[in-house]
Amino acid sequence: MSKSILIAGASGALGFKLLKDFKSRGFKIRALTHSEEGLEKLKGEVKDIHYLDASEDKGKLEGITRDMDYVVSALGKSISLFHPDSDTFYESNYKANSHLLEDAKKYRVKKFIYVSMMGADTASEYKIPGTHRKTEKEIQNSGLNYSIIRPVGFYSGLHDLIIMAKKKMIPLVGDGKAKTNSIFHGDLANFISNNFTELPEILEIGGPKIHTREEMAVMIQEKIGGKIIKVPESIAKSGSEVPKLFAKENLGHKLDYFSYIMSNDMIGQSRGSLTFKEYLNQIDLENIG
């Protein structure tokens, strides 16, 4: 008898790769997406699809984990400065996952795997990691077998810098010396699907190489061009250095967290094989921005 898994956030970059990986392993797949575009994307991959707006009543999620052995949630609001949407971080990062967890408890899934973010515990005063931390606490108190995965950040999360490089400016918050080992989302999906039954309760995970933020900016510059501009953290939070780029966005929480991650070390256990330079060389830059 094949195992079954619900993948929440299945139309996102990580969720979609998780879906493909678990599907290739013979799992019975159920997918949850919060976007209409995601619904169309999933139709070619899986038949059992649920579409639900993050702000909708939790009653519409009732029974979504019935007959599921496992749940992997990659639900969460985009932190891109260029990605406008109507849902709040509370709705996407906490409320939707809280409802999902409640259903998983009711139907006693064997394991609940949640993709959070590094900083959820140490930077919870910021809105974005704070909502993830709120979800983490509920999972830890749920009585379910669980794993919380905290990636340091995805290569795709640096697409904002690629977009800005196309506009001839690559901002660095602070001195650019903060270090990170961001990871390719495909490597993370592969790691989760390979090890889902043995994953620890909490794992902070990154990619194969550690770079300073300045080194990563230089790689983007070498690929695309643009001028690297160092912005004092206090100015970056106000957004006053980039008003023309972001004038139409409600950026408060995103700018705060962008400033935090750009000026603090974010290093997790090394996993995966694709380096950031290799990632830049393989992506279609025309489709970014």
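The values are calculated or read from the model by the stated rules, or taken from the named source; none is laboratory data. Keep in mind the model is a prediction, meaning the values are calculated, not measured. We place every Cβ from the backbone using ideal geometry, glycine too, and count neighbours over all the protein chains shown. Just so you know, the surface numbers come from the protein's heavy atoms only, side chains and all, with ligands and any DNA or RNA stripped out. Shrake-Rupley method; radii C 1.70, N 1.55, O 1.52, S 1.80 Å.
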Scope region 1-24; condition in contact (Cβ under 8 Å) with a residue 12 or more places away in the chain and open to solvent by 80 Å² or more (accessible area, probe 1.4 Å); matching residues: LYS3, LYS20, LYS23
Qualifying residue in region 25-39 (condition: at pLDDT 85 or above, among the basic types (Lys, Arg) and open to solvent by 50 Å² or more (accessible area, probe 1.4 Å)): yes
Options ASN141, ASN145; residue that is free of Cβ contacts under 8 Å to residues at least 12 places away in the same chain and more than 20 Å from the chain's Cα centre (by Cα): ASN141
Lone qualifier among ILE183, ILE192, ILE202, ILE210 - being open to solvent by less than 30 Å² (accessible area, probe 1.4 Å), at pLDDT 95 or above and touching a strand residue (DSSP E or B) at 6+ places or on another chain (Cβ under 6 Å): ILE183
Residues located in region 124-172, provided they are open to solvent by 20 Å² or more (accessible area, probe 1.4 Å) and part of a strand (DSSP E or B): TYR146, PHE154, MET169
The lone exception for GLY9 - which of (1) in contact with a Ser or Thr (Cβ under 8 Å, 6 or more places away or on another chain); (2) closer than 19 Å to TYR94 by Cβ; (3) at pLDDT 95 or above it fails: (3)
Qualifying positions in region 185-200 - farther than 16 Å from ALA10 by Cα and β-branched (Val, Ile, Thr): THR197
Output for region 173-188, where each listed residue is in a loop (DSSP other than H, G, I, E, B) and under 18 Å from the mean Cα position of the chain (by Cα): ASN181, SER182, PHE184
Selected residue (only one of LYS137, LYS127, LYS43, LYS95 is more than 17 Å from ALA13 (Cβ to Cβ) and at pLDDT 95 or above): LYS137
In region 189-221, the residues that are in a helix (DSSP H, G or I) and under 11 Å from SER147 (Cβ atoms): ILE192, ASN195
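Go through TYR107, TYR114 for me and flag whichever is of a type in the set (Phe, Trp, Tyr), closer than 20 Å to PHE191 by Cβ and either open to solvent by 40 Å² or more (accessible area, probe 1.4 Å) or in contact with a Phe, Trp or Tyr (Cβ under 9 Å, 6 or more places away or on another chain) (or both). Explain how you work it out, then say what you get.
On the way: TYR107 fails: closer than 20 Å to PHE191 by Cβ.
After applying the criteria, what remains is TYR114.
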